[in-house]
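The values are calculated or read from the model by the stated rules, or taken from the named source; none is laboratory data. Just so it is clear, the structure is predicted and the values come from calculations on it, not from any experiment. Counting neighbours? That spans all protein chains shown, and the Cβs are built from the backbone with ideal geometry, glycine included.
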Amino acid sequence: MTALIFFIFAGIAVLCGVSLVVQTHPIASALSLIGVMGSLALLYLQLGGEFIAAAQLIVYAGAIMVLFVFVIMLLNAGAEGVSRQVSAMARYAGILLLASFLGLISFIIQAALPKTEGVVFGAFQGGTAEAIGRKLFTVYLLPFEVTSVLILIAILGAIVLARKEV
Amino acid sequence: MPASVPLSWYLILSAVLFGLGVAGFIYRRNIITVFMSIELMLNAVNLSFVTFSYGLKQVDGHIFSFFVMVVAAAEAAVGLAIILTVFKNRQTLMIDDVSSMKY
């Protein structure tokens, strides 16, 4: 059952990732990205990350993608025109190189990782909001505070960049 | 079909998604799609953080990916503001037409 869920959602994630790259219209790419994020949230849940799965859906698939779709609609972004001069040979060689690179990476990961038993749902219970909150506000307190300053700077920067010239 | 999958398959999925993100970053010409490819790469990295967190039975990886999410949100806000400004000045979203810093 665990394997079945992994294969289904890994398949959806890879298909949506490919769709993100090959679609010409930005809205289609944005919807594909939402598909990737949703299926990744399911995989996080399988790995025991309840809080991260919820945050993935709320923050990534909710807030950030709404921002993207909003900007696409606002700028009325259409499909990409005819691509610049890319020869067919370069395109196929690129796909081939990407595939062989990923195959090599997969081989290295398989070879380097110690043999572990399979992933079992519920084997890791430490990903609850309580556990994350405890660690976030004790061990990782300084990075957390620095992050708040970062967000403040980002808000100011976004306002300064997007306002009307005065 | 096996009853459960080894941990390394999650890492391979993460690598595949990261590779797709890199490919989209290089291949696409619409600046918004390029930006979405960056988000895809960040998501792939998050997946390997959560996977290692499961493998090591420690919660730190979840906190790292939480920070990655926060930084991605800030990056999206600033980046989309930059895209708006570029569109206001150039009336285009194609990165080939915004190349005055190239030469």
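Just to check your reading of the model, which residue among A:GLU117, A:GLU130 is more than 23 Å from A:ALA54 (Cβ to Cβ) and among the charged types (D, E, K, R)?
Going through A:GLU117, A:GLU130 in turn, just one is more than 23 Å from A:ALA54 (Cβ to Cβ) and among the charged types (D, E, K, R): A:GLU117.
Search the range B:13-67 for residues being touching a residue at least 60 places away in the same chain (Cβ under 8 Å) and more than 8 Å from every other protein chain (Cβ to nearest Cβ), and hand back the single one that is farthest from A:GLY118 (Cα to Cα).
Let us first name the residues in the range B:13-67 that are touching a residue at least 60 places away in the same chain (Cβ under 8 Å), namely B:29-32, B:34.
Now narrow it down to the ones that are more than 8 Å from every other protein chain (Cβ to nearest Cβ): B:31, B:34.
Values: B:ILE31: 40, B:VAL34: 35 Å.
Here the residue is B:ILE31.
Within the range B:59-66, does at least one residue satisfy the condition of being in contact with a Leu (Cβ under 9 Å, 6 or more places away or on another chain), modelled with pLDDT of 90 or more and within 29 Å of A:ASN76 (Cβ to Cβ)?
The answer is no; no qualifying residue exists.
Quick one: B:SER4 ticks every box in (1) more than 7 Å from chain A (Cβ to nearest Cβ); (2) outside any helix (DSSP H, G or I) bar one, so which box is it?
(1)
Residue check, A:ILE95 against (1) modelled with pLDDT under 90; (2) under 24 Å from A:PHE6 (Cα atoms); (3) assigned to a helix (DSSP H, G or I), all met but one. Which one?
Answer for A:ILE95: the failing condition is (2).
For the range A:1-29: of the residues being surrounded by fewer than 19 Cβ atoms within 10 Å (Cβ to Cβ) and among the small types (Gly, Ala, Ser), which is nearest to the other protein chains (Cβ to nearest Cβ)? It would help to see each step written out before you state the result.
Looking only at the range A:1-29, we keep the residues that are surrounded by fewer than 19 Cβ atoms within 10 Å (Cβ to Cβ), and these are A:1-5, A:7-8, A:11-12, A:14-15, A:18-19, A:22, A:24-25, A:27-28.
Filter again for among the small types (Gly, Ala, Ser), leaving A:3, A:11, A:19, A:28.
Details: A:ALA3: 5, A:GLY11: 10, A:SER19: 10, A:ALA28: 10 Å.
If we take residues in the range A:1-29 being surrounded by fewer than 19 Cβ atoms within 10 Å (Cβ to Cβ) and among the small types (Gly, Ala, Ser), then A:ALA3 is nearest to the other protein chains (Cβ to nearest Cβ).
Say whether the condition of being more than 9 Å from chain B (Cβ to nearest Cβ) and small (Gly, Ala, Ser) is met by at least one residue in the range A:159-166.
no
Just one of A:SER106, A:SER87, A:SER100, A:SER32 is more than 7 Å from chain B (Cβ to nearest Cβ) and closer than 20 Å to B:VAL45 by Cα; which is it?
Within the list A:SER106, A:SER87, A:SER100, A:SER32, the selection yields A:SER32.
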